[in-house]
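Some notes on the structure that comes next.
What follows is calculated from the coordinates using simple rules that are stated; it is not laboratory data. As the structure is a computational prediction, the values presented were derived from the model and not from experiment. Note that we place each Cβ from the backbone using ideal geometry, even for glycine, and neighbour counts take in every protein chain shown.
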Amino acid sequence: MTVATPSIPEMMRSTAKRFGDQPAILFTENQVTFAEVDRQSDGIAAALAEQGVVKGDRIALYCINSAEFAIAYAGIVKAGAVVVPVNLLLSPREILYVLNDAGVSGLFYHQVMAAGVGAFRDELPGLRFVVCIGGETSGADDWQFETLCQSQAPVPRPDFDATEDLAAILYTSGTTGHPKGAMLTHRNLVSNSFSVKKALQLRPGQDRLLVVLPMFHSFAATVGTLTPLMHGLSLAPVAKFDPVAVSEVIESVGATVFLGVPSMYNVLLRLPDEQVGRWASIRYCVSGGAAMPEAIMRQFEERFGVPVCEGDGPTECSPVTCVNPIDGVRKSASVGLPVPDVAMAIFNEAGSPLGIDAIGEICVKGPNVMKGYWNLPEATAESFFGAWVRTGDLGYIDADGYVYIVDRKKDMIIVNGMNVYPRMVEELLYTHPAVLEAAVVGEPSELHGEIPVAYVVLKEGETASVGDIKSFCRDNLGRHEVPRKVVLRPVLPKNAAGKILKRELRKSGELERGIDSRDMP
C-alpha cells in the first residue's frame, strides 16, 4: 500500500515534537528551538487566517537570510498559502513583474528592504496586506512580524493534498524575456528533502548547516532551510558572504556542513591560516549552482582538509537531482549520482532515450518534479517528455551512472549560481537612446562561474561610453544581471537572415577588457 506524502506543516510539526528543545536556528550568541519555531510560525498562520488568507493564496517573502525568513516561510505554508520568495538582487521593476504575475495578496519584507518595497508596493493592486520584519516600515499600515508571531487566534489546519497543493512558486529562468514561476507542491519539496537527507547522510539532532547562500534560492531553500526544519537538523543563517565572518560563525556554532557555489570556494582560498582553522567542525562541503573548476576544488580540499561534494539540479526539480556520494567515489567533472527516488536519463531532440556516454538533454523524473509553470500551460508542455522534465542541460551518463553536464542548450548565463536571461538584458539595452544593436553572451569566470558580456553597436551620430552603458544597466537590472564587460563594436556578426551570431561573438576572442577606445586618454 502506498503511503501518502505528508505536507510541509505536518513534517514540521512532527519534527518539533521530536526535537522541541533542540536548536533549529543557530546564531553566534543565541538560538531558536524547534518548539519556538513551531509556536511562532503557528502565530503567523493564525494571524493570516484571521485576516482572510485561505489555501492557495500567494504571499511574497522578500527577506535576507535570517530566522525570520524560516519562520515566515513556515507560517505562510501552515496557513495553506503559497510562498513566493523574492530574489533580493532584482530591481524594483523586475520584482513588480514577478509579484503581479504571481498575483500575490500579501508581502512579508525585511526592514532593510524597505526602500525597495516603497518603489513598487503602490503598483500591486491585489496587495491586501504588508508585513514588516524588524524596524522601520515602508508604509504606515504595515503589520509588524513580531506581533503576528504572538497571535492568539485559532491556528488553521488546512486539509492538504500534498500531490496537488502548491507550497511555493519559485521564479526561474527562461528565454522569453521574463522569468517563469515553477509550481512546487508539498510532495515535491517534502520528497526532495528526504532525498537530500539520504544522499548527504544528514544526521538529525547532530548536523548543523551553515547557510550563507540566499534562502530565496531553491538550493538554500530546500537543502539549507526546509530539510533542517523537517528533519531535525540545525541551520545557521548568515545574511552576507564575508569569508572571515562565515569562518567565525562556523566555529562559534560548530557547523558541520557548508553549502556554497564555486565562486565562494575560490574566495575562501584567500583566507589566512588562522581563519582556515575555524573550519575544524566541518565534515564536508556541498557545491552547486554552477560547474566547479577542478583546480579550485583540489586546492580547497587540500587547504581545508574536507571533501567538496558537487551536485546539481534545476529549480523545476525542487531542486536537487544528483550529488557525488559523501563516502563513495567522487568523480571529477561529474555532478554525481541521482539522489534517492530521482531518475535521470539522456534524451535526444525527438524525446527518445540515449545510451551510455551519449550526449543529449538531461531529463529528470520523480516526485520532486514540478507541477508546471504558473499560468503557462504551453511552456509547461514544452518542458516535458511525458513524465520526464527537460532540464535544458546537455550532458551524458557514464557506465557507473554518474552524470556529467557539458553545456547548456539555451543561452542562459549563470552568475554565482543565479540565472541571467540575456534577452532581458538585451531588451533593456535597446531602450538606451544611443544603442542600435546589442547582444549578451556569457564568458567563463573562475570567480563567478560566468559573467555577462554585452556587445553593443551605437547609433550613427550618438555617443555613449562603456561607463554610461554600465550605469544604465545598474539602474535597471539586478546586480547579477549587469554586464561585467561592455564591448563597443562597429558591427555585429549576422547570418544571411540578419540574425546576430552569438557563437561568433563567443569564439571571436574579443571578450576583451570592456574598454572603449574613446575612453582612453
Relative to the present Cα-Cα distance, how much length would full extension add between Lys507 and Leu269 at 0.36 nm per residue of separation?
82.7 nm
Which of rounded, prolate, oblate describes the stretch 166-255, given a ≥ b ≥ c as roots of the alpha-carbon gyration tensor eigenvalues and a/c under 1.5 marking rounded, otherwise prolate only if a/b is larger than b/c?
oblate
Overall Cα dimensions of the chain, principal axis frame, Å, largest first:
67, 57, 53
FRET efficiency for Arg39 and Leu96, Cβ-Cβ distance as r, R0 = 30 Å, nearest 0.05?
0.30
Checking the stretch 1-76 for GluC sites (Glu not before Pro) in a loop per DSSP with at most 16 other beta-carbon atoms within 10 Å yields Glu29
Computed FRET value (nearest 0.05) for Glu301 with Val54, which takes r as the C-beta separation and R₀ as 51 Å:
0.55
Mind listing P(r) for the stretch 413-519? All alpha-carbon pairs, 10 Å bins, whole percents.
15, 51, 31, 3
Antiparallel bridges, percent of DSSP beta bridges restricted to the chain (to nearest 5):
55
Give the relative contact order (percent, whole number) for the stretch 413-519; include only Cα pairs under 8 Å separated by 6+ residues.
26
Residue order, fewest to most beta carbons within 10 Å, for Leu233, Leu488, Leu394:
Leu394, Leu488, Leu233
Tensor-based shape of the stretch 65-132 (alpha-carbon gyration tensor, a/c under 1.5 rounded, otherwise prolate or oblate):
oblate
